[in-house]
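Only one structure is covered here, and it is reproduced in the block below.
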Amino acid sequence: MDLDRVFADVPRVGAVDGCTYCYAQSDLDALGGDPALVPRDLVGSFAREVTSHWNADQYGLLWRGLAPRILRLLEELPDPILLKGLSFARFSTWPADEQQAVREALRGMLTRNLTGDLLCAAAHVDSDLGPWLRFVDALPDDEAVAGLARYWANDLAHGGEPSLWWFPEDPAAPIRDWLYSDALWERLRRIGDVDTQIAISDL
């Protein structure tokens, strides 16, 4: 799906009501204009910034306008924090074609490069890792899925946890459930990946 085409008609915000302590007026002017002309660093700063720095009524339009840029930046520099503002941007109220475009873009990224950071980023779409773990189960690349399982098993064993910015009570719970799931273990047994089975069993 052509992201630029899908988001081409998002209205411009114009005068952006943002944090003038952190952003120069020229930055705010750029954000309110043509998304294609916003400097790359400013795109990243906007997406990573705490949402309290932005006007709630403008934020969704700003995010929608910059969505193609933010998603491309995410693929270049996988960082879950880039999508943390989707809830504040009221993603669930976006036009259906825009929601579909974001989901398809993320599915494509995960198919090309299955990493924990990208998976956590995708989970911000619905504040839920579950649907994305089910997507991972359907991927045909056994080695990529096994590699993700090893990464999560080793990370959790050393006290790590997924970067989920809606702060669930137990952010690692869906990962642990997935690591012990029948679907994953059937895959690991099929490809003879004993090391990953041991890493999970040692949690």
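The values are calculated or read from the model by the stated rules, or taken from the named source; none is laboratory data. Note that the structure is predicted; figures quoted are calculated from it, not measured. Every residue, glycine among them, receives a Cβ derived from its backbone with ideal geometry; neighbour counts consider all protein chains shown. Heavy atoms of the whole protein, side chains included, go into the accessibility calculation; ligands, DNA and RNA do not. Shrake-Rupley method; radii C 1.70, N 1.55, O 1.52, S 1.80 Å.
Look at the Cα gyration tensor of the stretch 1-91: its axes a ≥ b ≥ c give a/c under 1.5, and that counts as rounded. You can think of it this way: the chain between THR93 and ALA36 has 18.2 nm of extra reach, that is 0.36 nm per residue less the Cα-Cα gap. Summarised in one figure, the compactness ratio Rg/Rh of the stretch 128-202, Cα atoms and Kirkwood Rh, is 0.95. The spread of Cα positions in the chain, taken along each principal axis and listed from longest to shortest, comes to 57, 33, 26 Å.
Placing +1 on the Cβ of every Lys and Arg and -1 on the Cβ of every Asp and Glu, with no other charges, gives the stretch 95-203 a dipole of roughly 220 debye about its Cα centre. In degrees between 0 and 90, to the nearest 10, how far off the longest principal axis of the chain does helix 96-112 point, with axes built from Cα atoms? Relative to the chain, helix 96-112 is tipped by roughly 40 degrees.
The accessible surface of the stretch 116-203, taken with every protein chain in place and a 1.4 Å probe, is 49 percent carbon and sulfur. Distance between the C-alpha centres of the stretch 155-199 and the stretch 33-111: 27 Å, rounded to the whole angstrom.
Between ALA183 and THR51, the modelled label-to-label distance comes to 2.8 nm, taking each label 7 Å out from Cα in the direction of the beta carbon. Ranking PHE88, PHE167, PHE7 from most to least accessible surface, computed with a 1.4 Å probe over the protein chains only, gives PHE167, PHE88, PHE7.
How much net charge surrounds ASP137 when only other residues with a Cβ under 14 Å from its Cβ are counted (Lys, Arg +1; Asp, Glu -1)? If you can, show how the numbers build up before the last one.
Values: positive: ARG107, ARG134, ARG187, ARG190; negative: ASP141, ASP142, ASP177, ASP182, GLU186.
Neighbourhood net charge equals -1.
Rounded to the nearest 10 square angstrom, TYR151 shows an accessible area of 100 square angstrom against a 1.4 Å probe. With protein chains left intact and a 1.4 Å probe, residues in the stretch 70-203 average 48 Å² of accessible area per residue.
Summary value for the stretch 78-197: 27 percent relative contact order, contacts being C-alpha pairs under 8 angstrom separated by 6+ residues. Each peptide in 32-41, 115-124 was scored by the mean count of other Cβ atoms within 10 Å over its residues; highest first, the order is 115-124, 32-41. Counting charges near TRP54 (Lys, Arg +1; Asp, Glu -1) among other residues having Cβ under 15 Å from its Cβ returns a value of -1.
So what is the relative contact order for the chain, in percent, with contacts set as C-alpha pairs under 8 Å and at least six apart?
Relative contact order here is 18 percent.
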